[in-house]
Amino acid sequence: MKLLILSLLFVLNVSNLSASQSSVDDETLKKMIGKMLIVGFEDETIDENSKIVSLINRYELGGVILFDRFYNDKTKVKNISSAKQLKLLTMKLQSFAKKPLLISVDQEGGRVARLKPKYGFEATPSAKAVSENDEYMSKHIYNALAKTLKQSGINCDFAPVVDLAINPQNSVIYGLNRSYGAASDEVVKYAKIFMDSLENEGVISVLKHFPGHGSSLGDSHEGYVDISKTWSKTELEPYKELIKSSKVPMIMSAHVYNSKLDEKYPATLSYSVNTKLLREELGFKGVLVSDDLQMKAISSKYSLNEIVILSINSGVDILLFANQLATQDIDALVETIFKEIKNGNISMKRIEESNARIEQLHKTYKLK
């Protein structure tokens, strides 16, 4: 009898310990949410009184995304005007942060480049132009870019694009020369060169746009994009091969709807796409970041509450609010996610999983 009582007490103590370990105070929870956010801001220079600095410290934000110009006013400088200015900005961002930040840009090359020659940076060719070179020259191009990113204090590049150039009517990938080609093996070859160059300089690469944007007819910046009739499983091949053969630290989701994969939701909000397909079937273990959640493909159809609930529960680890297409108050964003967790609409398990993946990413890349 005494032994039975002792056993019961032991079980109760273990249960209480587990409960106390799993309970998280509100301030800690808000910082766990903050770690899952990459946000855009408007400043070319910052100091301790800048709003972005207060947000970084209040929520220990996961990162920021930098742009050279405002989306609606290309004459107005946003975050990048010269190599010297950029380096000072990134140094200050990291110095004000209590924990290392992901400082990210879209630097693919060609038409999608934030570090431009007119600001004093070396030009990077488009993916299509790179694919017309041999491997030696491609390595030279991407090694130079990776060194520039590192010297500029940027540790995360939203590149390479691994969408296939299979639809000549596609304006956002094919039309902008953002793809290495129609053949998966060619796309994989050049994407791997880009990824290796970035990794050698300690810069995180981000494959995009899962599960494939190359066959689309529309632009998800502008509105709803349905690829159900144009998409094929061939578009998964670059992801399959790269996940199988190399280290893939991050993947970006696409805001495309595909009834073959999910009859209800676009990829960014889809558990079937982000967990069942990407994680369980393809075996991806890295960090999944959303494309900009302010794009009209998402923002015109779903409320902020729906966006955060669906994206996080689907398997997205980092939510991107670039503040280019619209302005999102970050305090309100954190509060919205916080309330949905408290309401039970967002799984605490998902918050813990995402935080663990982000922590692992920091350890792997020795971010500091």
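Among residues of segment 115-158 being touching a residue at least 24 places away in the same chain (Cβ under 8 Å) and among the charged types (D, E, K, R), the one that is nearest to Leu176 (Cα to Cα) is Lys128. Of all residues in segment 74-86, those being buried (at least 19 other Cβ atoms within 10 Å of the Cβ) and either of a type in the set (Phe, Trp, Tyr) or in a loop (DSSP other than H, G, I, E, B) (or both) number 3.
Residue check: Thr234 meets all listed conditions (1) of a type outside the set (Lys, Arg); (2) touching a residue at least 40 places away in the same chain (Cβ under 8 Å); (3) touching a helix residue (DSSP H, G or I) at 6+ places or on another chain (Cβ under 7 Å); (4) surrounded by 16 or more Cβ atoms within 10 Å (Cβ to Cβ) but one, namely (4). For the structure I just gave you, tell me whether Ile173 is under 14 Å from Tyr365 (Cβ atoms) and of a type in the set (Val, Ile, Thr). Criteria not met by Ile173. Where helices (runs of 4 or more DSSP H) sit wholly within segment 270-368, those with at least 2 residues that are crowded, with 16+ Cβ neighbours inside 10 Å, hydroxyl-bearing (Ser, Thr, Tyr) and under 18 Å from the mean Cα position of the chain (by Cα) occupy 304-314. Whenever a residue of segment 243-266 is on the phi < 0 side of the Ramachandran plot and part of a loop (DSSP other than H, G, I, E, B), its partners that are of a type in the set (A, V, I, L, M) and modelled with pLDDT under 95, lying with C-beta atoms within less than 8 angstrom and at least six residues away or across chains, give the pairs His255/Val225; His255/Met295; His255/Ala297; His255/Ile298; Asn258/Ile227. Inside segment 128-141, residues that are touching a strand residue (DSSP E or B) at 6+ places or on another chain (Cβ under 9 Å) and closer than 25 Å to Tyr365 by Cα make up a count of 1.
Here Glu122 meets the list (1) of a type outside the set (A, V, I, L, M); (2) exposed (fewer than 14 other Cβ atoms within 10 Å of the Cβ); (3) touching a strand residue (DSSP E or B) at 6+ places or on another chain (Cβ under 9 Å) almost entirely, failing just condition (3).
Can you find a residue that is modelled with pLDDT of 55 or more, closer than 30 Å to Leu88 by Cα and in contact with a strand residue (DSSP E or B) (Cβ under 6 Å, 6 or more places away or on another chain) anywhere in segment 14-37? Checked segment 14-37: at least one residue is modelled with pLDDT of 55 or more, closer than 30 Å to Leu88 by Cα and in contact with a strand residue (DSSP E or B) (Cβ under 6 Å, 6 or more places away or on another chain).
Okay, residues lined up against (1) outside any helix (DSSP H, G or I); (2) free of Cβ contacts under 8 Å to residues at least 60 places away in the same chain; (3) out of contact with any helix residue (DSSP H, G or I) (no Cβ under 9 Å at 6 or more places or on another chain):
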{"residue": "Asp163", "(1), (2), (3)": "yes, no, no"}
{"residue": "Ile166", "(1), (2), (3)": "yes, no, no"}
{"residue": "Asn170", "(1), (2), (3)": "yes, yes, yes"}
{"residue": "Tyr180", "(1), (2), (3)": "yes, yes, no"}
{"residue": "Lys189", "(1), (2), (3)": "no, yes, no"}
{"residue": "Ile193", "(1), (2), (3)": "no, yes, no"}
{"residue": "Glu199", "(1), (2), (3)": "no, yes, no"}
{"residue": "His209", "(1), (2), (3)": "yes, no, no"}
{"residue": "His213", "(1), (2), (3)": "yes, yes, no"}
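Let me confirm something: among Glu48, Glu42, which residue is surrounded by fewer than 21 Cβ atoms within 10 Å (Cβ to Cβ), in a loop (DSSP other than H, G, I, E, B), in contact with a strand residue (DSSP E or B) (Cβ under 9 Å, 6 or more places away or on another chain) and modelled with pLDDT of 95 or more? The conditions single out Glu42.
This table checks each residue for (1) hydroxyl-bearing (Ser, Thr, Tyr); (2) not in a helix (DSSP H, G or I).
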| residue | (1), (2) |
| --- | --- |
| Ala123 | no, yes |
| Glu132 | no, yes |
| Ser138 | yes, no |
| Leu149 | no, no |
| Ile154 | no, yes |
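Only one of the listed residues (Leu89, Leu93, Leu115) is surrounded by 16 or more Cβ atoms within 10 Å (Cβ to Cβ) and in a loop (DSSP other than H, G, I, E, B). That residue is Leu115. Inspection of segment 218-226 identifies at least one residue that is surrounded by fewer than 18 Cβ atoms within 10 Å (Cβ to Cβ) and not in a loop (DSSP other than H, G, I, E, B).
The values are calculated or read from the model by the stated rules, or taken from the named source; none is laboratory data. None of the values given here were measured: they were computed from a predicted structure. Cβ atoms come from the backbone with ideal geometry, glycine included; neighbour counts cover every protein chain shown.
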